[in-house]
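Quick notes on the structure that follows.
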Amino acid sequence: ASMFSAADIVAQYSPLTGHDLPVRNLPLPPDFAWGTATSAYQIEGGALQDGKGKSIWDVYTHLEPSRTNGQNADVSCDHYNRMPEDVELMASLGVDVYRFSIAWARIIPLGGRDDPANEKGIAFYNHLIDRLLARGIQPVATLYHWDTPQALYERYGAMLNTDEFRADFERYARLCFERFGDRVKKWVTFNEPYISSIFAHLNGTLAPGHCREAGTDTKTEPWRVGHTLLLSHATVVEVYAKEFQSSQQGEISVVLNGHYYEPYDASKQADIDAAERRMVFYIGWFGDPIYLGKDYPDEMREYLGSRLPAFTAEERELLRRTAHINAFYGMNHYSTKYARALPDPPADNDWTGNIEESAVNSEGKEVGPVSGLGWLRLAPEGFRKLLNWVWRRYHLPIVITENGCPCPGEDDVAVAVDDKFRQRYLGLYLDAISRAIYTDGVPVTGYYVWSLMDNFEWSAGYGPRYGIVHVDFATLKRTPKNSAYYLRDTFKSRRATS
Ligand code: LGS
């Protein structure tokens, strides 16, 4: 293979079609970063340890346990008390990067701009960051991964109150930059604003489950929440650029999730348009204002009308000023779906652009083989197309900040360790990245697998296990699955030197 450049090797293979493809372990660039990802509430435990305040998830999981499979993350992986062991585990797998999130209520228990900070909580993240760096692992810190301080929700509805939330988030972010920014060089403001808006304020399957309470308006609130998140992001990006970037030399951006959508019936223009529109509603909603400094996409204005908030002149100016500061596109991606245009008019609380989603198309073709979850299909060609779609729209280097899947039967450690489906899924998704880079010219610079270890999967509790390391939640013993060794070995050998 040494006679060929990486691009030549990739060019030898035809596109990723069909469901029985071999994994090729195609080349990746020499400086391509591989890492693992987690989030605070999902792994830390120590729910009330060392002065931590409650987050909306600490409350939600105890309010009505049936909403989270009867489970909570009071202990979870107990990472808060086992952090050194987990860093050693990552070092043994040869990861370059670790993406984690900071629990807002651990470092400001009540969350607000006038509330006191908690030095013990700050110390935990300092120890984590120092240990990572001592083992040659670069920290990537997410400021917000869904665990809003409960006090802010009680005071003013958290994200439902744009100005209050924005001011409190700004103070929290500034504290993080001040205390961790000398060592953290890659920052993510929000994880998946789409999910915080739709799943937490419209469907109600995630905390705070606001739409289940009396007097809520699911027609407008999800869009207002999205508005809050966009403006809070832009505010903090500007704070970083003005006050910290010249001394700290780091990068900042957001993480957006989104499926790739194929038309349900590829011979119908309405379905072709529906697939595109669905991605605009998922990704363009946040991507256009944040990365292009523009208004919400036209399709959204058309379908949502006055349900979508308007930007003031001052807000528009803020987005315009900050768009170019975002240094990368953070992509969480799991699967592909089909999109079918529904007959007009849309329902009055529609949030999709009047589209129905499915895993089977008009010819009965499945989008891909099923993982441990019915909607999560192995569809690497959709991933490659999405990388192209995002690159064409935003022209930023792309970091895969999450990708992975659960497999069936993984409670049993013997089954979990032999995770052939996951190895295949990861192998094919990495090959898709390679093709996107070398065949399509899309700059993808890193890949962080979700997740380092099995953890608390929100409303699904401990059901789906996304880890490359198995966790026995009775004994808290960690056991690497074969996919962990697959990733270790493939990244040792596949990074092209030419
Ligand atoms: O654990 C979460 C992973 C697992 O699957 C992580 O905290 C999130 O950032 C991320 O959303 N994760 C994830 N996403 C899959 C996409 C969900 C889309 C909705 C599926 C509806 C059935």
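Tabulated values for the structure
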{"item": "Scan of the stretch 346-359 for residues that are farther than 14 Å from His259 by Cβ and either buried (at least 16 other Cβ atoms within 10 Å of the Cβ) or without any contact (Cβ under 8 Å) to a residue 12 or more places away in the chain (or both), ordered by number", "result": "Ala347, Asp350, Trp351, Asn354"}
{"item": "Test: residue in the stretch 434-442 that is within 18 Å of the chain's Cα centre (by Cα) and either within 16 Å of the ligand (Cβ to nearest atom) or among the hydrophobic types (A, V, I, L, M, F, W, C) (or both)", "result": "no"}
{"item": "Failed item, numbered, when Ala123 is tested on (1) in contact with a Pro (Cβ under 8 Å, 6 or more places away or on another chain); (2) over 25 Å from Phe328 (Cα atoms); (3) not charged (D, E, K, R)", "result": "(1)"}
{"item": "Residue within the stretch 256-274 that is more than 19 Å from Leu396 (Cα to Cα), within 16 Å of the ligand (Cβ to nearest atom) and of a type in the set (Gly, Ala, Ser) present", "result": "no"}
{"item": "Breaking point among (1) of a type outside the set (D, E, K, R); (2) under 26 Å from Ala379 (Cα atoms); (3) assigned to a helix (DSSP H, G or I); (4) touching a His at 6+ places or on another chain (Cβ under 9 Å), for Val254", "result": "(3)"}
{"item": "Residue count, the stretch 176-209 (criterion: part of a helix (DSSP H, G or I), of a type in the set (S, T, N, Q) and either more than 25 Å from Val399 (Cα to Cα) or in contact with a His (Cβ under 6 Å, 6 or more places away or on another chain) (or both))", "result": "0"}
{"item": "Residues being over 24 Å from the mean Cα position of the chain (by Cα) and of a type in the set (Gly, Ala, Ser) - total across the stretch 471-490", "result": "1"}
{"item": "Test: residue in the stretch 179-198 that is without any contact (Cβ under 8 Å) to a residue 12 or more places away in the chain and surrounded by fewer than 24 Cβ atoms within 10 Å (Cβ to Cβ)", "result": "no"}
{"item": "Which numbered condition Ser362 misses (of (1) crowded, with 19+ Cβ neighbours inside 10 Å; (2) of a type in the set (Ser, Thr, Tyr); (3) in contact (Cβ under 8 Å) with a residue 24 or more places away in the chain)", "result": "(1)"}
{"item": "Some residue of the stretch 234-256 being crowded, with 19+ Cβ neighbours inside 10 Å, under 21 Å from Glu154 (Cβ atoms) and either under 22 Å from the mean Cα position of the chain (by Cα) or at pLDDT 95 or above (or both)", "result": "no"}
{"item": "Of all residues making up the stretch 390-407, the number that are in a loop (DSSP other than H, G, I, E, B) and away from the ligand (no atom under 16 Å from the Cβ)", "result": "3"}
{"item": "Enumeration of residues in the stretch 443-474 that are under 18 Å from Gly46 (Cα atoms) and within 11 Å of the ligand (Cβ to nearest atom)", "result": "Asp454, Asn455, Phe456, Glu457, Trp458"}
{"item": "Filter result for the condition that a residue is in a loop (DSSP other than H, G, I, E, B) and either in contact with a Ser or Thr (Cβ under 7 Å, 6 or more places away or on another chain) or among the aliphatic types (A, V, I, L, M) (or both), over Ala105, Ala117, Ala91, Ala141", "result": "Ala117"}
{"item": "Any hit, the stretch 475-485, residues being within 15 Å of Thr36 (Cα to Cα) and within 13 Å of the ligand (Cβ to nearest atom)", "result": "no"}
{"item": "Complete set of residues in the stretch 322-345 that are over 30 Å from Val237 (Cβ atoms) and either surrounded by 15 or more Cβ atoms within 10 Å (Cβ to Cβ) or in contact with a helix residue (DSSP H, G or I) (Cβ under 7 Å, 6 or more places away or on another chain) (or both)", "result": "Thr336, Lys337, Tyr338, Ala339, Arg340, Ala341, Leu342"}
{"item": "The stretch 431-447 residues that are closer than 11 Å to Phe383 by Cα, paired with ones that are of a type in the set (Val, Ile, Thr) and part of a loop (DSSP other than H, G, I, E, B) (beta carbon under 8 Å, 6 or more apart)", "result": "Asp431/Val23; Ala436/Val442"}
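The values are calculated or read from the model by the stated rules, or taken from the named source; none is laboratory data. Here the structure is a predicted model, which is why all the values come from computation and not from measurement. Cβ: placed from backbone, ideal geometry, glycine included. Neighbour counts: every protein chain shown.
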